[in-house]
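Working notes, beginning with the structure itself.
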Amino acid sequence: MTQLDVLEAQSVYILRQAYRSFKDLVMLWSIGKDSTVLLWLARKAFFGHVPIPLMHIDTGNKIPSMIEYRDRFALEWNLHMIVGQNTKALESKQTFPDGNLDRIACCKKLKSEPLKHTLSGDWPRQVMNHKTGKYELDENPQAFTGVIVGARADEEGSRSKERYFSPRDHHSEWDIAEQPPELWNQFNTDFAPGTHIRIHPLLDWTELNIWQYIQRENIPIIDLYFDNGNGKRYRSLGCAPCTGTVDSTAKNVQEIIDELAGGKFADIAERSGRQQDAEDGGGLETLRRDGYM
Amino acid sequence: MNNTTEFENLSIEQSQEFSDRQKMNIVIIGHVDHGKSTLVGRLLADTNSLPQGKLEEVKARCAQNARPFEYAFLLDALKDEQAQGITIDSARCFFKSDKREYILIDAPGHIEFLKNMISGAARAEAAVLLIDAYEGVQENSRRHGYLLSMLGIKQIVVAVNKMDLVDHSQDVFNAVCAEYTDFLSQINVKAERFIPVSARDGDFIATPSKIMSWYDGPTILQSLDEFKKEPAPVDQPLRLPIQDIYKFTEEDDDRRIIAGNIETGTLNVGDEVVFYPSGKRSKVSTIEVFNAPSTNSAFAGQSTGFTMEKQIYIQPGEIVSRADEPAPKISTQLKTSLFWLGKEPLIFNKRYILKLATARVPVWLKSINTVLDASDLSTENNRSHIERHDVTECVLETVKPIAFDLSADIAQTGRFVLIDNYQIAGGGVILEAEENSNDLITAHVIQREKSWQRSRITPLKRAERCGQKSTLVVISGPAGTGKISVAQKLEEKLFEAGRHVYYLGLDNSLLGIDSDIDNENLRDEYIRRLGEISHLFTDAGMIMIATVSELEEYELSILKRLNHPGQSLVVGIDSETLTDSKLDLHLDSGSNTEQSATAIAKLLTERNYLPEYYL
């Protein structure tokens, strides 16, 4: 088996284990390359189907073509698509840079908070109606207790310490020192009332593995990752105010792989374009302890 | 399905040249402060594996906080770790040599974080164990070495670190090697080699050292590349633990797919397969894939799925094996070697959950043979419980039979974890299947019979007075087959015929005597209590009727044994879980309630449980 075969088999195993163990399970889809690979792996695991609802937290700052891309594949792949948003914060401009919030506070307002409340179902959320292709208010928002996330251990320090199945308390907080052990392919699939579980099927993948797999499987990926003629592209997708483009002329997956494998990005961290990391002392720990993915 | 269309666009050749390189997981272990994170940090720095600017950034931060720079700071990413200068949780570091890619797992050495060290080590294929040359072999040097062997990691390199603190002395190095080799030989482990290093100075990490010219072996980096990648165990007997069974009918997909990861062996279209512990058989019809070329075989390491020629009722947790290969063992009693990590000790008379491959069963600690302190190999023989960090040889008893292998035969299906208070609290390997000893239920019934306060009214007298032999009638079958109506009808008929009969409705016990059972243990504990209630009713001379949905064979066996010496009559309505040989009467849901109840009453008469039966 090649390295990608091994990674794929392990991720599929984790996804199936999550699906078997948790009734109220949801998968986060940020439209970026990692969670799109995750979604593809779900289609692998369930033989073409995606029996797990997908959730997207729309910060209102996402680039418009991301929403078009999301809805196109939601329809094509028959996805149970749920969208949440902190509409109050957006309306009252409690944001960065036009509000008076710093980057980290903005992340909490537009990502961590709506994520928590959309998961629990106590804020209104939208679901896609496949007959009309439009979003409607979710009339019976269930609380999700298992959340599948596309985090990779090579992204930054605190993610390198994650488990595949990681319990979080009812405030979504992560007690790092008290993580239960995880042995062989046995995960913590039991949880005490009031807690929930984060599941990380992509922990062992690197950024390069992600692109190699996109190439091997021919996974449709949003074109923001490619240079569309101005010598710039996104390497990591986030909100417009905090995510910079990189100088690159990579126009397709192969050229991105070349850049990562031995070219100009071989030794430059992927999230170096994400400004909130720098504000957190070089890591995402503050945000992640508090529920950031 | 759209499987093939998406695959056609793909150039396999093109992608393979990039993804053919292998990835290996290596764990770095050893006593606290012996330099694990420093070694990994140094390795990353000396091989230019750090992201641009990372080294400078950490150096600058150290200067800012007026503390000397250490390579460990590159790894200890958490704020608490940096503040305390120790590693708390295992970190994955990605790193490439010319030969292959690595995930280096930097494990903590502090005893308090042993669970984190084990989590890291359990993912590894090989280990580098560090010993501080100045401090020598310490408690966790030994404990970690012992645990590696339990976790099944056979390739070990020992790095004798901080050689700079002992003047790079070959004598000190040799003494450490001798002491630790002696320890390892006691637990039947052999290190591939010992390497003198100074992680701080980079000696023999990625490059040789001029100072220690007396050592001419490989560096740490070279010895990583010397570790062998174990081939996938395709030649062993097939073990495919079922993760789940899928049928996505609502999406117009009629395939019923048995899904799971092949732990060992090979599965082919046309193979006759046996499911354990149920022992049911079928034949492989297709192997299913998505966005990949169709195939007739699947191999160890693959997460696969297959369909069957004959549809049979099987459950997740069973192990698929091939009829032409050795079968796994089946038992309820396992002699194991296990390590305990739980905050609460492992004790008798408490129910835990055992997870082995994809099976999950309630389990009790049955007996403790020995308890071992892995840090000095001292043993105790008279312990009543297992403390955190103890290693023990003990016997576990599962509530129902499970399929497994001995760890020495097939490691993947010979190991397990225990769940306590919702979390993995221990892990172990199976040494033997214990046979020929009484299980806990039988031992309980024997004890109960011995101490039972017998009434002066003998069972015979009661039978004569009531005109019946006391009996438990249990009706089983899937939901929606009318079990309850049949039970109620039967109760009514027998009552009208003058019998002493009681139908115990499910909710009547669930909301009353069973209301304290937590969800996790609901079914097994419900069955146990139903057995004890039946025993009281039959002891009182009554005929008791109960319904249970899809009673499993082992559950029936528990019910019958607990009801002993009372008699039992087992009725199945469309039962998929009980074979005919386990049933006294097989009914189908098509017949009407009146006919079904009459058939049961007739059988009671035929068996002389009722002296005569007339309507």
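The values are calculated or read from the model by the stated rules, or taken from the named source; none is laboratory data. Quick caveat: nothing in here was measured; it's all calculated off a predicted structure. Reconstructed Cβ throughout: ideal geometry from the backbone, glycine too, with neighbour counts over all protein chains shown.
Structure values in brief
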| item | result |
| --- | --- |
| Lone qualifier among A:Tyr19, A:Tyr69, A:Tyr13 - being within 22 Å of B:Asn291 (Cα to Cα) and either at pLDDT below 95 or not assigned by TED's automatic domain parsing to the domain that holds A:Pro124 (or both) | A:Tyr69 |
| The listed residue being within 12 Å of another protein chain (Cβ to nearest Cβ), within 21 Å of the chain's Cα centre (by Cα) and under 30 Å from B:Ala292 (Cβ atoms), out of A:Ile199, A:Ile210 | A:Ile210 |
| Which listed residue is free of Cβ contacts under 8 Å to residues at least 60 places away in the same chain, of a type in the set (A, V, I, L, M, F, W, C) and surrounded by fewer than 16 Cβ atoms within 10 Å (Cβ to Cβ), from B:Ile513, B:Ile533, B:Ile527 | B:Ile513 |
| Residue, nearest to the other protein chains (Cβ to nearest Cβ), within segment B:258-275, restricted to residues that are among the β-branched types (Val, Ile, Thr) and not in a loop (DSSP other than H, G, I, E, B) | B:Ile258 |
| Identity of the residue in segment A:164-184, touching a Leu at 6+ places or on another chain (Cβ under 9 Å), buried (at least 21 other Cβ atoms within 10 Å of the Cβ) and at the interface with another protein chain (Cβ under 7 Å from one of its Cβ atoms), that ends up modelled with the highest pLDDT | A:Leu183 |
| Any hit, segment B:332-339, residues being touching a Phe, Trp or Tyr at 6+ places or on another chain (Cβ under 6 Å) and of a type in the set (Val, Ile, Thr) | no |
| Unique residue being more than 14 Å from every other protein chain (Cβ to nearest Cβ), surrounded by 16 or more Cβ atoms within 10 Å (Cβ to Cβ) and touching a residue at least 24 places away in the same chain (Cβ under 8 Å) when the list is B:Ser303, B:Ser278 | B:Ser278 |
| Which numbered condition A:Phe187 misses (of (1) more than 9 Å from chain B (Cβ to nearest Cβ); (2) touching a strand residue (DSSP E or B) at 6+ places or on another chain (Cβ under 9 Å); (3) modelled with pLDDT of 90 or more) | (1) |
| Whichever residue in segment B:148-157 is assigned to a helix (DSSP H, G or I) and farther than 9 Å from B:Ala121 by Cα and, among such residues, is farthest from the other protein chains (Cβ to nearest Cβ) | B:Ser149 |
| Test: residue in segment B:75-88 that is modelled with pLDDT of 75 or more, under 19 Å from B:Gly120 (Cβ atoms) and among the aliphatic types (A, V, I, L, M) | no |
| Failed criterion for B:Ile245 (all others in (1) within 12 Å of another protein chain (Cβ to nearest Cβ); (2) touching a Lys or Arg at 6+ places or on another chain (Cβ under 8 Å); (3) in a helix (DSSP H, G or I) hold) | (3) |
| Qualifying position, being under 35 Å from the mean Cα position of the chain (by Cα), within 14 Å of another protein chain (Cβ to nearest Cβ) and not small (Gly, Ala, Ser), among B:Asp225, B:Asp253, B:Asp235 | B:Asp253 |
| Count of residues meeting criterion [at the interface with chain B (Cβ under 9 Å from one of its Cβ atoms) and not charged (D, E, K, R)] in segment A:16-31 | 2 |
| Residue selected from segment A:218-258 under the condition in contact with an Asp or Glu (Cβ under 8 Å, 6 or more places away or on another chain) and within 14 Å of another protein chain (Cβ to nearest Cβ), by the criterion farthest from A:Ile31 (Cα to Cα) | A:Asn218 |
| Members of segment A:235-252 that are at pLDDT 85 or above and crowded, with 21+ Cβ neighbours inside 10 Å | A:Arg235, A:Ala250 |
| Of all residues in segment B:200-227 being part of a helix (DSSP H, G or I) and in contact with a helix residue (DSSP H, G or I) (Cβ under 8 Å, 6 or more places away or on another chain), the one that is surrounded by the fewest Cβ atoms within 10 Å (Cβ to Cβ) | B:Leu221 |
| Filter result for the condition that a residue is within 29 Å of B:Val320 (Cβ to Cβ), within 14 Å of chain A (Cβ to nearest Cβ) and over 14 Å from the mean Cα position of the chain (by Cα), over B:Arg360, B:Arg351, B:Arg388, B:Arg415 | B:Arg351 |
| Selection count where residues are aromatic (Phe, Trp, Tyr) and within 13 Å of A:Asp24 (Cβ to Cβ), scope segment A:185-200 | 1 |
| Which numbered condition B:Glu230 misses (of (1) surrounded by 17 or more Cβ atoms within 10 Å (Cβ to Cβ); (2) within 14 Å of chain A (Cβ to nearest Cβ)) | (1) |
| From B:Val128, B:Val176, B:Val166, residue being under 30 Å from A:Pro180 (Cα atoms) and of a type outside the set (Phe, Trp, Tyr) | B:Val128 |
| Residue that is among the aliphatic types (A, V, I, L, M), more than 30 Å from A:Pro181 (Cβ to Cβ) and in contact with a His (Cβ under 7 Å, 6 or more places away or on another chain), where the choices are B:Val445, B:Val486 | B:Val445 |
| Filtered residues of segment B:219-244 (kept if farther than 30 Å from B:Ile262 by Cβ and in contact with a strand residue (DSSP E or B) (Cβ under 7 Å, 6 or more places away or on another chain)) | B:Thr219, B:Ile220, B:Ser223 |
| Boolean, A:Gly263 is modelled with pLDDT under 90, of a type outside the set (D, E, K, R) and assigned by TED's automatic domain parsing to the domain that holds A:Phe96 | no |
| Residue list for segment B:408-430, restricted to those being crowded, with 18+ Cβ neighbours inside 10 Å and of a type in the set (A, V, I, L, M) | B:Ile410, B:Ala411, B:Val417, B:Leu418, B:Ile419, B:Ile424, B:Ala425, B:Val429, B:Ile430 |
| Matching entry among B:Asp539, B:Asp518 (being closer than 30 Å to B:Asn421 by Cα and in the same structural domain as B:Thr593 (by TED's automatic domain parsing)) | B:Asp518 |
| Counted residues, segment B:320-360 - those being assigned to a loop (DSSP other than H, G, I, E, B) and of a type in the set (Gly, Ala, Ser) | 4 |
| From the options A:Arg198, A:Arg152, residue that is among the basic types (Lys, Arg), touching a Phe, Trp or Tyr at 6+ places or on another chain (Cβ under 8 Å) and either in the same structural domain as A:Val246 (by TED's automatic domain parsing) or not in a loop (DSSP other than H, G, I, E, B) (or both) | A:Arg198 |
| Candidate set from segment A:32-68 (those that are within 10 Å of chain B (Cβ to nearest Cβ) and not in a helix (DSSP H, G or I)); member that is surrounded by the most Cβ atoms within 10 Å (Cβ to Cβ) | A:Phe46 |
